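**Q** Okay, handing you the structure first.
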């Protein structure tokens, strides 16, 4: 099968198209024919092995010295169950699915085998494969961040980085949970963030939200400290009494399988809309990684893999 392998730690050019053995499902696993995947910020960080200096040696020892021991990246997929291993009753061949794996990964390929009990579900009935592949990464991370923030109905939430994969999901999910939401983004993304339901938008190229009169119960950094450190340094000045400011980088991310089902329900009810910036083919994975690393994508970057009809919605 065709796959993208990472030949070394480094820039996007270390990614190469290769012909590798097609996997077979073991006990408790399903083999998925991948139709669409996504290039995430986490994929780019993993490709560079961008660990803090004090952890870098340990990271190399665990993951590979010169190149990754598991060379096929990609943590998000939408596709179709090709076959199932022993003791799998939750899925059957032909099921249309979407999901995310923090550890198995392997989605930059035509097929992958994942545990049937992992973060995998039948895809939303109203979404195409490409749209379904845009939900898990930003949606699950946004839910993780909102859960840590423990937002309450009626609170005013500011989302810094409201136009990215996590930010676009966080704006919509916070609104769904009853919050008043302000999104911070660049000039070209103001209309997008407003269209997602934000009550207000702040153009960070023209205004510093920490110097305004508005106070927020919750401030969420949806882009991570590598990009937000300067802007979020004085975030406390914009907090209401007993307010809290959190970053997606603050703690280890623990994702929950049941949250994927919540994302599915919200997408099917149209309370959560997937946002796709642009789409690449698997052969153009280097260009896709370059684009994501520029740091200006809106929502998600999708990579098409399989030949199944991308516009076809799940069977009812």
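**Q** Cβ-Cβ distance below 8 Å, separation of 6 or more or different chains: which pairs start in the stretch 206-219 with a residue that is assigned by TED's automatic domain parsing to the domain that holds residue 150 and end on one that is surrounded by fewer than 15 Cβ atoms within 10 Å (Cβ to Cβ) and assigned to a loop (DSSP other than H, G, I, E, B)?
**A** Short answer, once both residue conditions are applied: 210/234; 217/152.
**Q** One residue is enough: does the stretch 181-188 have a residue meeting the conditions under 15 Å from residue 274 (Cα atoms), at pLDDT 95 or above and under 21 Å from the mean Cα position of the chain (by Cα)? Working first, answer last.
**A** Applying the first criterion (under 15 Å from residue 274 (Cα atoms)) to the stretch 181-188 yields none.
No: zero hits.
**Q** Further question on the same structure: Given the criteria in contact (Cβ under 8 Å) with a residue 40 or more places away in the chain, surrounded by fewer than 18 Cβ atoms within 10 Å (Cβ to Cβ), in the same structural domain as residue 25 (by TED's automatic domain parsing) and under 20 Å from the mean Cα position of the chain (by Cα), does residue 96 qualify?
**A** On the way: in contact (Cβ under 8 Å) with a residue 40 or more places away in the chain: yes; surrounded by fewer than 18 Cβ atoms within 10 Å (Cβ to Cβ): no; in the same structural domain as residue 25 (by TED's automatic domain parsing): yes; under 20 Å from the mean Cα position of the chain (by Cα): yes.
Criteria not met by residue 96.
**Q** Can you tell me which of (1) in a helix (DSSP H, G or I); (2) buried (at least 16 other Cβ atoms within 10 Å of the Cβ); (3) out of contact with any strand residue (DSSP E or B) (no Cβ under 7 Å at 6 or more places or on another chain) is the one residue 61 doesn't meet?
**A** Just one mismatch for residue 61, condition (2).
**Q** Also: If we keep just the residues of the stretch 73-90 that are surrounded by 14 or more Cβ atoms within 10 Å (Cβ to Cβ) and over 24 Å from residue 254 (Cβ atoms), which is nearest to the chain's Cα centre (by Cα)?
**A** 79
**Q** Does residue 56 fit the bill of being surrounded by fewer than 21 Cβ atoms within 10 Å (Cβ to Cβ), modelled with pLDDT under 95 and not in a helix (DSSP H, G or I)?
**A** For residue 56, the condition - surrounded by fewer than 21 Cβ atoms within 10 Å (Cβ to Cβ), modelled with pLDDT under 95 and not in a helix (DSSP H, G or I) - is not met.
**Q** Could we say that residue 50 is exposed (fewer than 14 other Cβ atoms within 10 Å of the Cβ), assigned to a loop (DSSP other than H, G, I, E, B) and touching a helix residue (DSSP H, G or I) at 6+ places or on another chain (Cβ under 9 Å) here?
**A** yes
**Q** Scan the stretch 99-154 residue by residue and report those that are in a loop (DSSP other than H, G, I, E, B), touching a strand residue (DSSP E or B) at 6+ places or on another chain (Cβ under 7 Å) and within 21 Å of residue 251 (Cβ to Cβ).
**A** 101, 119, 151 - these are the residues of the stretch 99-154 that are in a loop (DSSP other than H, G, I, E, B), touching a strand residue (DSSP E or B) at 6+ places or on another chain (Cβ under 7 Å) and within 21 Å of residue 251 (Cβ to Cβ).
**Q** Of all residues being part of a loop (DSSP other than H, G, I, E, B) and more than 22 Å from residue 293 (Cβ to Cβ) in the stretch 155-180, which is farthest from the chain's Cα centre (by Cα)? Just the residue, please.
**A** So the residue we want is 155.
**Q** Can you pull out every residue in the stretch 237-267 that is in a helix (DSSP H, G or I) and surrounded by 15 or more Cβ atoms within 10 Å (Cβ to Cβ)? Give the derivation first.
**A** Filtering the stretch 237-267 down to residues in a helix (DSSP H, G or I) leaves 237-238, 257-267.
Correct list: 238, 259, 260, 262, 263, 264, 266, 267.
The values are calculated or read from the model by the stated rules, or taken from the named source; none is laboratory data. Quick caveat: nothing in here was measured; it's all calculated off a predicted structure. Cβ sites come from the backbone with ideal geometry, for glycine too, and all protein chains shown count toward neighbours.
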